[in-house]
Each structure stands twice: as structure tokens, then as C-alpha cells.
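To start, the structure under review is shown below, and the notes come after it.
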Amino acid sequence: MVLSVLEEEGLNDRIFSSEKEKIMKKALIIVEHGFEFTEAIGTYDVLRRSGEIIPSFYSSNIKLDNSIDSSMNWVNLLGSHRIDHEAIDKLVEEFDFLVLPGGKLGVENIKKNDLDLVKAFIDEGKHVHAICAAPSILGELGFLKGKKYVCYPGFEKEEFGGDYQEEDGVTIDGTLITARSMGLTIPFGLEIVRLEVGEEPLRKAEKGIFGVR
């Protein structure tokens, strides 16, 4: 079963009523036990502030639901005790792009539980963005071959076949965005906004984040 917390609690209409008139992009953020909180919640918030992206969390661990939802009641959380190929197909069809937060243990648990889901997005040609330790997930799937990328130091590997950008905070290679660490969460999110929905939503997000007119 896939669960939307906002729909169950009647929050969806209240939070997203103004956006529903537009054609919105939908982002899926995978969070597993041990995920880096700022990278997940911060990216979620930046994407939402664009006004043209509806982000949701997915976890294979239903026990994460309360811990995330109680911290911010506008978070849209999807959860499943078990995800099969039919469920993966539905998620890939519904969501436009995927975001992978870091956190060493969280990344290990994504590798353990969600590689089929990540690979399905890649195989469908949909964008996948990753921060901190999470680009290593893409590397192990062969997705970094021939691509520029950055990650938390120590998670890069020669066998990924990518061009590791040691000096970068955020690296953009075509439709792939990667970032070094938690401190780059906001720039990471803003570059995703720029790529996925353009300059006007980017300016809207920046105004809310930096308090500029």
C-alpha cells in the first residue's frame, strides 16, 4: 500500500490549492533510516517554494512516517512496507524526477532497499539528483560513467568511471545535479528548481529563502 499523509489528514487541499490550477512537476525524495535530515527537509522546502514543484517523500520503512510528519505537518510522505515491480512502475509514472539525500546509513539503506526504484527512474530517462554520499548510489548503478559529479569526500570511486569535481560544491552535468554535503543543500535545491522548472520559479524560491524583493 502506498500512503499519502496529506490526503489522509485533509492537508493536501489546504497546502496546494493555489498550485493545483497549474501543471506541476512532482519530485520523489527517497528517505531511509539514517538519512541526513537537513538534506532531505531542506531540499523538500526549496522545491516547494518554487511554486511549481510538488515534492513527496518515499520510504520503504513505514516506521519513518511519524518522525518526519510530526516535525513538519506539510510534508507529503509516501510509505510502503514492501515495494514490488507494479508499485515501482506506478511511482515512475507518477513522478517526474528523483532526489537522493545523503547520510551514510541512509544511503546504505537506499542501496539495500531501493536500488530497483532508482534504476527504474534512470531506465525511464527521468532525472535523478543526489547530494552528499548519495551520488555513490548512482555510481554503483553505472550512471556516473562519463559524467561530472561531486559527492562527500571519500565516497568517490575510480570504478564509477565519472569525472569527480573535487573543488565543486554543486556540479551540473546535463540533467544530473550532484552536491558535496549538507551545507550545500540550498544551492543544490535551487539548481534543481532551475533545471526542472526554469528561471521564474527559481527567482520565486530565492525571494522566499533569502528575503529579497
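The values are calculated or read from the model by the stated rules, or taken from the named source; none is laboratory data. The model shown is predicted, which means the values in this text are computed figures rather than measured ones. Ideal geometry is used to build each Cβ from the backbone, glycine not excepted, and the neighbour counts take in all protein chains shown.
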Show the residue pairs meeting these rules: Cβ distance below 8 Å; 6+ apart or different chains; first residue within the range 118-136 and under 14 Å from T175 (Cβ atoms); second residue hydroxyl-bearing (S, T, Y) and surrounded by fewer than 24 Cβ atoms within 10 Å (Cβ to Cβ). H127/T175
Check on E191, out of contact with any Lys or Arg (no Cβ under 7 Å at 6 or more places or on another chain), among the acidic types (D, E) and assigned to a loop (DSSP other than H, G, I, E, B): no
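Yes/no per residue for (1) of a type outside the set (F, W, Y); (2) at pLDDT below 95; (3) in contact with an Asp or Glu (Cβ under 6 Å, 6 or more places away or on another chain); (4) part of a loop (DSSP other than H, G, I, E, B):
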| site | (1), (2), (3), (4) |
| --- | --- |
| G106 | yes, yes, yes, no |
| V128 | yes, no, no, no |
| G142 | yes, no, no, yes |
| G146 | yes, no, no, yes |
| E167 | yes, no, no, yes |
| T171 | yes, no, no, no |
| I186 | yes, no, no, no |
Which is of a type in the set (K, R), touching a Leu at 6+ places or on another chain (Cβ under 9 Å), at pLDDT 90 or above and over 20 Å from E191 (Cα atoms), of K111, K119? K119
Starting from the range 149-170, take each residue that is within 20 Å of G103 (Cα to Cα) and without any contact (Cβ under 8 Å) to a residue 24 or more places away in the chain and list its partners that are part of a helix (DSSP H, G or I) and of a type in the set (F, W, Y), counting only C-beta distances under 6 angstrom and pairs at least six apart or across chains. V170/F188
